[in-house]
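First the structure, in the form of structure tokens, and then the observations on it.
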Amino acid sequence: LTGVLDDCLCDIESIDDFNTFKIFPKIQKLQERDYFRYYKVNLKRPCPFWADDGHCSIKDCHVEPCPESKIPVGIKAGSSNKYSKAANNSKELEDCEQASKLGAVNSTLSNQSKEAFIDWARYDDSQDHFCELDDERSPDAQYVDLLLNPERYTGYKGPSAWRVWNSIYEENCFKPRSVYRPLNPLAPSRGGDDGESFYTWLEGLCLEKRVFYKLISGLHASINLHLCANYLLEETWGKPRWGPNVKEFTHRFDPIETKGEGPRRLKNLYFLYLIELRALSKVAPYFERSVVDLYTGNGHEDAESKALLLDIFRDTKSFHMHFDEKSMFAGDKKGAKSLKEEFRLHFKNISRIMDCVGCDKCRLWGKLQTQGLGTALKILFSEKEIQSLPENSPSKGFQLTRQEIVALVNAFGRLSTSIRELQNFKVLLQQTR
């Protein structure tokens, strides 16, 4: 896998070097810090699109939620969009602010009206979201320690897993059903059709819709790579041994076994990496403000976490072959706005499909990586709002919840790991030849 990627002026070798020597070691360290390792997620939301298949009973599908006592006090105290020490500091300050805001009218507001106001504000906030966010106040939402629940092969596969990907590709990637997507195990065979007609159709699409397909394909490739790299190789006396499975990797990505499809999928992984890398470089000013702390309650650790995050941002800005998102939605204003909204709603739908994944561990990582990509897209389409943020006061016009921040960093960490694992598989393949 070499050369320049389609739809951008970047080559694979440059990304490999940049990721291996600059990004991967730092993002690994960042993901181990308390602020980024605890993710609040609702794994009990019902599938909105079809009757539940029933949850996977394989033990490796299980997710171990984190006991409340283990969650850092600063993370527990903050509501979803509070990320700074000041915001979490004292209940009295909050009550005082509430009193001054509602003082004159508070007595005339019913609890029902107050709830309605909160819902309106939440609705306004959600207008720039590309994802369906979990309600963190739900009793079913729990903190999960991502380090104790790593993404790996669980044995979850077959019709249930394929129905999820099928729904994503067939109903949300702007694709007419008459165009056959290559190597779809659930679709009836089309004889000699190796999917080339699909790529002829894809090239005929506008850039935005082509990008959408590549992002989803790249996410799929990345998830498949994680499963191949962290595979259950053997289990003797109850002691599992996990590691890279070359045979599984070949089955999913080898040009001959996949009729040329595997390398295309991997190129889409690199394209997705570039998109999320671009988002990180664009969101840097948001975090560079002194008002933003990665607050857990441990001052020393919080300062170190922020310093490491800003160091990663400096690296992302130094990369010299970024994807130019200004080439997207650049047509006439009315058409561009309508296309952007269509793009957003299609992606939001995909985030809802993640609640249909039957394996809890796969659902956890599917939701996190989808939310991370959704947050990256929100950033790329909010450049003006980010540039005009006030230095010393809470954000107006653009803000990120702690959940979005955690998802953004961990999702990019997964892509960085995928590209690193790809280097390992290249070495392993050479050894087996």
Residues being outside any helix (DSSP H, G or I) and without any contact (Cβ under 8 Å) to a residue 60 or more places away in the chain - total across the range 236-253:
7
Just give me the residues in the range 271-290 being among the aliphatic types (A, V, I, L, M) and under 15 Å from residue 372 (Cα atoms), in sequence order.
272, 274, 275, 277, 279, 280, 283
Consider the range 254-295. How many of its residues are closer than 30 Å to residue 431 by Cβ, assigned to a helix (DSSP H, G or I) and touching a residue at least 40 places away in the same chain (Cβ under 8 Å)?
13
Does residue 429 satisfy being open to solvent by 10 Å² or more (accessible area, probe 1.4 Å) and within 30 Å of residue 254 (Cα to Cα)?
yes
Out of everything in the range 319-344 that is at negative phi, part of a loop (DSSP other than H, G, I, E, B) and not charged (D, E, K, R), what residue ends up being most open to solvent (accessible area, probe 1.4 Å)?
320
Top-ranked residue in the range 232-253 [being of a type in the set (Asp, Glu) and open to solvent by 40 Å² or more (accessible area, probe 1.4 Å); ranked as farthest from residue 422 (Cα to Cα)]:
235
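Here is a yes/no grid of residues against (1) in contact with a Leu (Cβ under 7 Å, 6 or more places away or on another chain); (2) open to solvent by 70 Å² or more (accessible area, probe 1.4 Å):
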residue	(1), (2)
19	no, no
29	yes, yes
37	yes, no
46	no, yes
Residues satisfying the stated conditions in the range 1-21, i.e. part of a loop (DSSP other than H, G, I, E, B) and not polar (S, T, N, Q)
1, 3, 5, 6, 7, 8, 9, 10
Which condition breaks for residue 358 when tested against (1) surrounded by 24 or more Cβ atoms within 10 Å (Cβ to Cβ); (2) not in a helix (DSSP H, G or I)?
(1)
Looking at the range 219-235 only, could you name the residues that are under 15 Å from the mean Cα position of the chain (by Cα) and in contact (Cβ under 8 Å) with a residue 60 or more places away in the chain?
219, 221, 222, 223, 226
Name the residues in the range 292-318 that are open to solvent by less than 30 Å² (accessible area, probe 1.4 Å) and of a type in the set (Asp, Glu), would you?
302, 315
Specify which of the listed residues (278, 289) is crowded, with 20+ Cβ neighbours inside 10 Å and of a type in the set (Lys, Arg).
278
Among helices (runs of 4 or more DSSP H) entirely inside the range 82-179, those with 1 or more residues being open to solvent by 40 Å² or more (accessible area, probe 1.4 Å), under 30 Å from residue 60 (Cα atoms) and at pLDDT 50 or above are 159-172
Considering 381, 347, 343, which residue is more than 18 Å from residue 219 (Cα to Cα) and of a type in the set (A, V, I, L, M, F, W, C)?
381
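The values are calculated or read from the model by the stated rules, or taken from the named source; none is laboratory data. Computed from a predicted model, the values in this text were never measured in an experiment. All Cβ positions, even for glycine, are placed from backbone atoms using ideal geometry, and neighbour counts span all protein chains on display. For accessibility, only protein heavy atoms count, side chains too; no ligands or nucleic acids. Shrake-Rupley method; radii C 1.70, N 1.55, O 1.52, S 1.80 Å.
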